[in-house]
Amino acid sequence: MIEALNVEKTFDRVKAVNGVTLKIQDAEVFGLVGTNGAGKSTLLRMMAGVLIPDHGTVCLDQRPVYDNPEVKRDLFFIADDAYFFPNSTAMDMMQYYSRIYPCFDTERFQKLCGGFELDVTRKVADYSKGMKKQLSILLGICSGTKYLLCDETFDGLDPVVRQGVKSLFAGEMADRGLTPVIASHNLRELEDICDHVGLLHKGGVLLSENIEDMKLELQKVQCVFASEQDQHKAEDQMDIMVHETRGRLHTYTVRGKRSDIEVIFRGVDTVFFEILALSLEEIFISETEVVGYDVRKFILS
Amino acid sequence: MMSVNLFSAEYRKQQKELTARRIWVIVVTALSLLIYYPIGVFVLVTRTHSYGYVTDVEMQRMCAQAVRNQIGIQQQGFVLVMILAAILALQGFDFLFHRVQLDFYESQPMSRKQRFHMIFQNGILIFTLLSAVTLLITTVVSALFGVMSMELLMEILYEYLRIIIVFLAAYSVTVLAVMLSGSLPIAIIMAAFFMGIEYMYAFVLRYYARIFFKTFSDDTSRAFAWGSPVYHAVNSARNTADLVTAENYTISMKTLGQMIRTCLPGDLITLAVAVICYLIASKCYHQRKAEWAGKAIVFQPVRAIVKLLVTVLASLSGGLFLYAFYNTDSTGMIARIGMPVTMTCVGILSCLIFEAVLNYNIRAALRKAWQIPVTVIVAFLIFNCYRADTFGYDQYLPKISSVSSCALYLSNNGDSYYEDNLSRSVDTNEYYERHMVLTDVQDVEDIVLESMDYMKKWDDSRTDYYQATVLYRMTDGRRVYRKIKIPSDINKKLMDRVFAGSEFRKGYFQVYNDDAILQDASDNMQLVIRSGYASVFAPGNLYSELRKCYLNDLEKFSFSMASTQPCTAVVEIQDFSDNSNLDVNYYVYPEFTNTIAFLKKNNIYLQEEIPVSQIRSVKVTNYYPGHDAEKEDMSNITYMNSKSKEYTDPGKVAEIMKHVVSYQITDGWLPDSYYNSQYSVEVASGQNYDSSSYGFKTGEIPKFVKEDTAK
């Protein structure tokens, strides 16, 4: 488990991370979302032991990560701009990492490179941006670490490769309990892969929830009431977060289980009634609006 | 955790892996060392072989010197070594300047301490191995040319150790500079700053002391930048060069021992600098944060200190430059107004430039503007310490109880002194310092006090003084030097109390330390007895008898004697054979009856005054016709047409010769005021148109001379 406890980090009087406390459970995909400058990379670099928090602690399996080689053997950090040795090939990097990480699977790496059509004998400097990202991911996966910290890793990957990487993650999680932590500024990228999402904004955590739980607890209802009395009756029974109307069509985002909502609407007369699936974006917009944030502008890119 | 054992397989694997990633810097280091050492030796030796008409022995000696110049203690390769050390340090820790590389390295399972030591040791390993290989090749190349001896081999081995020490110092200093910097250009500047700051401050402050302190004793042979590896490298090369020259370029084991002893203190200090910088760098690396990559100077206190040191130095140097440019004096307008104004301008400008450079932004020049007045004030305070002598440097007189002994001697005495080695005269000041131990400190301080009083009333036109140096050997081991002007009319009894004592004589006269000369008193040595107008020669085997007479006579020596009359003769002891360069003067005063009797007994005594019958003519030149320099202030008269008159009339010649004294046989204790500086007298004598220079005694210019040269 990765734990950040009241972590703060300031750069030149600017608080990049401000009192963040969150827990990342093992064997789940954690998405760290937020706008540019929200503090995602800083938090991730602290988790990777690159940065030392000004305040608070970051622990992996209850051990502080900063300047702790024992702990760092359990993590692999893929930076947004990965570093490769000058004039090195993928093979060179594989050899380097295999000395650093004892569990590095060289055979698998070469096999995966073949699968992703990466020439291991070609200089990395000649790779495209996307290919470098793929190489970083493959190196990370093959290092055999428990935690894989990915900073904007899916940027620059085409949909096919992205899907392939997601499959790899799923496989690794199933096989050896890999815990990927993925930072991104794009919620849509993470929706179908993450189990848990933390939303960072201006250095603080707005939300940290299990996606499924959020989906179960929030419902989006579209309906046309037969009369105003029916409308008032239904609204009095619901915990409404967002309410929009277009003509006679009402759209509600309400807190509560689907079955409970259905019970309420069975008791009122409607011309039209439907419970819709909520996207991650919609859940976040609803949740954050409640606490006073207008997150549309920074989530919807 | 990965092992950090120096001899473990894991450590070797890590070093090998790291080395493999530093190929280009290895190539640069190897090529530089190869070009400088083996190829340099090859070129120098083959060039030496191209010299024609040289004996085999001489050729062998020249070739050995060529090799020594390139790989021996005298070599100048320490500059290259320092540059390579800086390159290895900068390249090794370059990742600290780049966020991408920091993310890469710092997230890996290796402790910061281990990473620091691994890289630090890797640079040392690369240089140590490459320099050992290149020096081995150089030794082989030298041996193939037949230029190798046990002495040279030992010198090369010792020099290898010294190279490593110099490397370690430059390497550690550069690593420390890297730890304190956030970018490569700043790290380079910081490394240069650390290497040179003490040297530069010492140089500038020494210059200020020379300008403003009347009692400042300036002697470049004394160490003045103790913590600077550059200074010690330069100093060792210079001092050993003197030794080698003295040995006529033939090095024995004894000379090698002397060379090592000369270099050892500086080498040990350099090693200490390396260790201290390494420890600080190690601590800084531990404290250093990854987010500092890309900044200028990463530790704020260091930034402020460096800025202050640099800008104050720039400010002081600006004032100094103005002073040197106008070649002015310490009390003129330039020193009083020009220097402060220049210092202010340079101080402000340097602060602006410093901020602009450190922020990589010209618009940031005015940041931390409050530091500008701090710089100017500090520079002014330092300047004022010198100009106004705030701490009473010129009034310094130590407590008698804190001084164990003193030495008092004429500064820049032109005479030569020898110790064990007759092929090389020793530094005059060092000779006095080693041999003159005046334990009656009170008498010396009384002289100093009187000199200080005189110096307070000083003006540049005065010439009635002796320029002397006083050394206080303090009870705590320190040595304090002061330059004083002893007035020529000083209380002679006071001076005699010091001068007539055996402690002064033993430190001042070569004859008390003449074991080497005595052993050398052979056919190669000769005695030259000079008067003002002639010389006679005598064999060196007379020396032992001469010294006995002279030692007896010196018992009578006093300041009163030496400062009121010229010598009658000077005995010059010379030996210019292969292994000697001996040339010392023994001054003979009229009271030295034993020596004079010895000279007469051996028919080598020259009459004190030149017989008038031998004089063909006397030419008198008046440099200030129409003036009287003894009565008038001549400082404002810059140039006049001189007036000369030649006399052949025996009567006038005899009259003139009664009042002149020779310049050639004085020992420095006869004050300038003894001579009249307005007239010169050239005496032509003998058959071969020889002429001798004389001067009139003050107040004794014949009336007819004044009249003849008045217009």
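The values are calculated or read from the model by the stated rules, or taken from the named source; none is laboratory data. This one's a predicted model, so the numbers in the text were calculated from it and none came from an experiment. Glycine gets a Cβ as well: all are built from the backbone with ideal geometry, and neighbour counts include every protein chain shown.
A few points about this structure:
- Selection within region B:486-520 - of a type in the set (A, V, I, L, M, F, W, C) and out of contact with any Ser or Thr (no Cβ under 6 Å at 6 or more places or on another chain): B:ILE490, B:LEU494, B:MET495, B:VAL498, B:PHE504, B:PHE509, B:VAL511, B:ALA516, B:ILE517, B:LEU518
- Residue in region B:631-645 that is in a helix (DSSP H, G or I), in contact with a strand residue (DSSP E or B) (Cβ under 9 Å, 6 or more places away or on another chain), of a type outside the set (A, V, I, L, M, F, W, C) and not assigned by TED's automatic domain parsing to the domain that holds B:MET495 present: no
- If you filter region B:40-82 down to residues that are among the polar types (S, T, N, Q), in a loop (DSSP other than H, G, I, E, B) and closer than 29 Å to B:LEU264 by Cα, you find that the one that is modelled with the lowest pLDDT is B:GLN74.
- Residues being within 14 Å of another protein chain (Cβ to nearest Cβ) and either surrounded by fewer than 18 Cβ atoms within 10 Å (Cβ to Cβ) or free of Cβ contacts under 8 Å to residues at least 40 places away in the same chain (or both) - total across region B:115-126: 2
- Of note, A:THR21 satisfies the criterion of being more than 28 Å from A:CYS103 (Cβ to Cβ), away from every other protein chain (no Cβ under 14 Å) and of a type outside the set (D, E, K, R).
- Filtered residue count, region B:553-571, keeping only those that are surrounded by fewer than 18 Cβ atoms within 10 Å (Cβ to Cβ) and either assigned to a strand (DSSP E or B) or of a type in the set (D, E, K, R) (or both): 2
- Which listed residue is in contact with a strand residue (DSSP E or B) (Cβ under 9 Å, 6 or more places away or on another chain), polar (S, T, N, Q), surrounded by 14 or more Cβ atoms within 10 Å (Cβ to Cβ) and within 14 Å of another protein chain (Cβ to nearest Cβ), from A:ASN87, A:ASN68: A:ASN68
- Enumeration of residues in region A:122-172 that are β-branched (Val, Ile, Thr) and in contact (Cβ under 8 Å) with a residue 12 or more places away in the chain: A:VAL124, A:ILE137, A:ILE141, A:THR145, A:THR153, A:VAL161, A:VAL165
- As a summary of the residue check, B:ARG303 satisfies the conditions (1) touching a strand residue (DSSP E or B) at 6+ places or on another chain (Cβ under 6 Å); (2) under 25 Å from B:VAL234 (Cα atoms) except for the one numbered (2).
- Total residues in region A:213-233, condition hydrophobic (A, V, I, L, M, F, W, C), at pLDDT 80 or above and in a helix (DSSP H, G or I): 1
- Any chance A:LEU75 is at the interface with chain B (Cβ under 8 Å from one of its Cβ atoms) and surrounded by 24 or more Cβ atoms within 10 Å (Cβ to Cβ): yes
- Residue within region B:359-366 that is touching a residue at least 60 places away in the same chain (Cβ under 8 Å), more than 18 Å from B:ALA314 (Cα to Cα), within 34 Å of the chain's Cα centre (by Cα) and not assigned by TED's automatic domain parsing to the domain that holds B:THR215 present: no
- Annotation note: Cβ proximity below 6 Å between a residue of region B:92-113 that is more than 9 Å from chain A (Cβ to nearest Cβ) and in a helix (DSSP H, G or I) and a residue that is crowded, with 19+ Cβ neighbours inside 10 Å and of a type in the set (S, T, N, Q) (sequence gap 6+ or interchain) occurs for B:PHE97/B:SER183.
- Members of region B:375-389 found to be part of a loop (DSSP other than H, G, I, E, B) and within 30 Å of B:PHE354 (Cα to Cα), listed by number: B:ALA388
- All conditions but one from (1) in contact with a helix residue (DSSP H, G or I) (Cβ under 9 Å, 6 or more places away or on another chain); (2) at pLDDT 90 or above apply to A:THR251; the one that does not is (1).
- Region B:485-526 holds helices (runs of 4 or more DSSP H) entirely within its bounds, and those carrying 1 or more residues that are of a type in the set (Gly, Ala, Ser) map to B:502-508, B:515-520.
- Top-ranked residue of region A:1-59 - restricted to ones that are among the aliphatic types (A, V, I, L, M) and part of a loop (DSSP other than H, G, I, E, B), ranked as nearest to A:ASN210 (Cα to Cα): A:VAL29
- Region A:90-122: number of residues that are in a loop (DSSP other than H, G, I, E, B) and more than 9 Å from every other protein chain (Cβ to nearest Cβ): 11
- Residue in region B:605-622 that is within 30 Å of B:TYR465 (Cβ to Cβ) and at pLDDT below 80 present: yes
- Per-region count, region B:386-406, residues under 24 Å from B:GLN442 (Cβ atoms), of a type in the set (Ser, Thr, Tyr) and surrounded by 14 or more Cβ atoms within 10 Å (Cβ to Cβ): 4
- Check on A:ASP80, surrounded by 16 or more Cβ atoms within 10 Å (Cβ to Cβ), of a type outside the set (Lys, Arg), within 12 Å of chain B (Cβ to nearest Cβ) and touching a Phe, Trp or Tyr at 6+ places or on another chain (Cβ under 8 Å): no
- Exactly one residue out of B:VAL312, B:VAL306 is β-branched (Val, Ile, Thr), more than 27 Å from B:PHE93 (Cβ to Cβ) and modelled with pLDDT of 90 or more, and it is B:VAL312.
- Some residue of region A:50-63 being more than 23 Å from B:VAL298 (Cα to Cα), within 14 Å of another protein chain (Cβ to nearest Cβ) and crowded, with 17+ Cβ neighbours inside 10 Å: yes
- Only residues that are aliphatic (A, V, I, L, M), farther than 26 Å from B:ILE305 by Cα and in contact with a strand residue (DSSP E or B) (Cβ under 8 Å, 6 or more places away or on another chain) were counted in region B:352-411, giving 4.
- Set B:TYR623, B:TYR674, B:TYR647: member being over 30 Å from B:TYR508 (Cα atoms) and within 40 Å of the chain's Cα centre (by Cα): B:TYR623
- Among the residues of region B:498-523, just one is of a type in the set (Ser, Thr, Tyr), under 27 Å from the mean Cα position of the chain (by Cα) and surrounded by fewer than 17 Cβ atoms within 10 Å (Cβ to Cβ), namely B:TYR512.
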